[in-house]
Amino acid sequence: MRDNITTQRISAVRNLLNEWRVEAVYITSETNRRWLSGFTGSNGQLLITKEHALLATDFRYWEQAQQQAPAYTLFKHQRTTEDTVQFFTETGATRIGIEANHLTLQAATDLKNNNALSHLTWVPLPQTVESLRAVKNSDEIAAIQAAAAITDHTMSQVNLLARPGISEKELAWELEKVMRDAGAEATAFTLIVASGPNSALPHHRPGKRLLQAGDTIVVDMGAQLDGYKSDLTRSFYLGSEPNEQFWAVYNKVLEAQTAVIQQTRPGMTCKEIDGIARNMINAAGHEEHFGHGLGHGLGLDIHETPFLSPRSDSTILSPNMITTIEPGIYLPGWGGIRIEDLTYCTEDGLALLSHCPKVPIIPVR
Ligand code: ZN
Ligand code: ZN
């Protein structure tokens, strides 16, 4: 099964070589490599031509690479210049696409300065398989759904664990434990617990601040399972009686998020989808307070194509893409609200992958 998928993905890349105007593509992105081969080791590069599919890795991974990536010819690469020269001359390809967003400047310089490879032309490609990865197959959707279920469960514990006197850091760690106990192999990213005025910072790192009654709290977290990520944000109020401003901001964000989930259809541009929420938030006088995109694709990477933002006018949402929908309003000095769910696109519109309820009040016991 896995083999089949890998073979299909290699063929898809071969079909793109002409469009990229190259004879081979050199894959150095860890997640593109994993998606294209199944190999999960920390060191590995692929070289794919019309006829060849090579996977280079070092001694530590030879056995693992053979097991995980049987569709590839294993190239034993001990990080020597001789191995590099042989790897790039083995297939006979002379125009080689490189992943411009992943290959380091040092590695690219070394390749260019290597006299034994001076007959090769290196073609920088801004993207390789990212747009293919945006459309998920049923196994990938299932993996993300399982990661989302763990995240839902973990988020449901916030109202039991958050209390005046616990620090953001402690709460984040408690939640991380819940997530790992529930089966996550790792967190998808460093959990965000932002309380009080810190909640105005969309990517605040949990710190020593102690939660207190009257705080707005933004919790953003994701689990990782089989390499696949999930992502979920809920915003809370610690105490029983939030003031009017909390409700005004909270309800505006929720309204914008609900509108996006109801109105999005495949075939819309990602800019249009972002606009549904952005127009509503701007109309409420918050154009300065929603400074990030509406959402992002997710899979082996926590942020991947498609990106829902005002700049994404050429990206079209299509069925089986998975995206977050996460509008937010951030008021410096006061705090912020963000509500994020995970969705996948069907033939008719967006279906939810996250099911955690939106109950913002955490009573102080
Ligand atoms: Zn998030
Ligand atoms: Zn997100």
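The values are calculated or read from the model by the stated rules, or taken from the named source; none is laboratory data. Computed from a predicted structure; not experimentally measured. Neighbour counts are summed over all protein chains in view; Cβ atoms, including those assigned to glycine, are modelled from backbone coordinates with ideal geometry.
Below, the figures for the structure above:
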quantity: Which numbered condition ASN159 fails, given (1) among the polar types (S, T, N, Q); (2) under 16 Å from ARG234 (Cβ atoms); (3) within 24 Å of the chain's Cα centre (by Cα); calculated: (3)
quantity: Check on ILE150, of a type outside the set (Asp, Glu) and closer than 26 Å to VAL253 by Cα; calculated: yes
quantity: So ALA284, is it more than 16 Å from ligand 1 (Cβ to nearest atom), farther than 16 Å from THR324 by Cβ and not aromatic (Phe, Trp, Tyr); calculated: yes
quantity: Subset of the range 230-245 that is touching a residue at least 60 places away in the same chain (Cβ under 8 Å) and farther than 17 Å from ILE192 by Cα - its residue that is farthest from ligand 2 (Cβ to nearest atom); calculated: SER240
quantity: Every residue from the range 335-364 that is away from ligand 1 (no atom under 13 Å from the Cβ), β-branched (Val, Ile, Thr), part of a loop (DSSP other than H, G, I, E, B) and surrounded by 13 or more Cβ atoms within 10 Å (Cβ to Cβ); calculated: VAL364
quantity: Cross-chain or 6+ apart pairs with Cβ under 6 Å, the range 212-229 first and assigned by TED's automatic domain parsing to the domain that holds ALA162, then within 12 Å of ligand 2 (Cβ to nearest atom) and part of a strand (DSSP E or B); calculated: VAL218/ARG338; ASP220/ILE192; ASP220/THR233; GLY222/LYS229
quantity: Verdict on THR216 being surrounded by 18 or more Cβ atoms within 10 Å (Cβ to Cβ) and more than 16 Å from ligand 2 (Cβ to nearest atom); calculated: yes
quantity: Residues satisfying the stated conditions in the range 300-316, i.e. assigned to a loop (DSSP other than H, G, I, E, B) and either polar (S, T, N, Q) or more than 16 Å from ligand 2 (Cβ to nearest atom) (or both); calculated: SER309, PRO310, ARG311, SER312, ASP313, SER314, THR315
quantity: Residue in the range 170-184 that is closer than 30 Å to ILE5 by Cβ, exposed (fewer than 14 other Cβ atoms within 10 Å of the Cβ) and not assigned by TED's automatic domain parsing to the domain that holds ALA12 present; calculated: yes
quantity: Boolean, THR128 is within 26 Å of ASN320 (Cα to Cα), under 33 Å from the mean Cα position of the chain (by Cα) and not hydrophobic (A, V, I, L, M, F, W, C); calculated: yes
quantity: Within the range 269-289, considering residues that are assigned to a loop (DSSP other than H, G, I, E, B) and in contact with a strand residue (DSSP E or B) (Cβ under 6 Å, 6 or more places away or on another chain), the one farthest from LEU331 (Cα to Cα); calculated: HIS286
quantity: Single residue of the range 321-341 satisfying the filter (farther than 21 Å from GLY267 by Cα and hydrophobic (A, V, I, L, M, F, W, C)) that is farthest from ligand 2 (Cβ to nearest atom); calculated: TRP334
quantity: Any chance GLY183 is touching a helix residue (DSSP H, G or I) at 6+ places or on another chain (Cβ under 7 Å) and on the phi > 0 side of the Ramachandran plot; calculated: yes
quantity: Any pair with Cβ under 6 angstrom, 6 or more apart, that starts in the range 293-317 at a residue that is touching a residue at least 60 places away in the same chain (Cβ under 8 Å) and ends at one that is small (Gly, Ala, Ser) and away from ligand 1 (no atom under 14 Å from the Cβ); calculated: GLY297/ALA134; LEU300/GLY227; THR305/SER131; THR305/ALA134; PRO306/ALA134
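Residue by residue, here is whether (1) small (Gly, Ala, Ser); (2) under 19 Å from THR233 (Cβ atoms); (3) assigned by TED's automatic domain parsing to the domain that holds ASP215 holds:
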| position | (1), (2), (3) |
| --- | --- |
| GLY275 | yes, no, yes |
| ASN282 | no, no, yes |
| LEU298 | no, yes, yes |
| SER309 | yes, yes, yes |
| ASP313 | no, no, yes |
| LEU331 | no, yes, yes |
| ASP348 | no, no, yes |
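Condition check ((1) away from ligand 2 (no atom under 16 Å from the Cβ); (2) more than 18 Å from the chain's Cα centre (by Cα); (3) among the hydrophobic types (A, V, I, L, M, F, W, C)) across all residues:
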site: GLU174; (1), (2), (3): yes, yes, no
site: THR190; (1), (2), (3): no, no, no
site: GLY207; (1), (2), (3): yes, yes, no
site: LEU225; (1), (2), (3): yes, no, yes
site: VAL253; (1), (2), (3): no, yes, yes
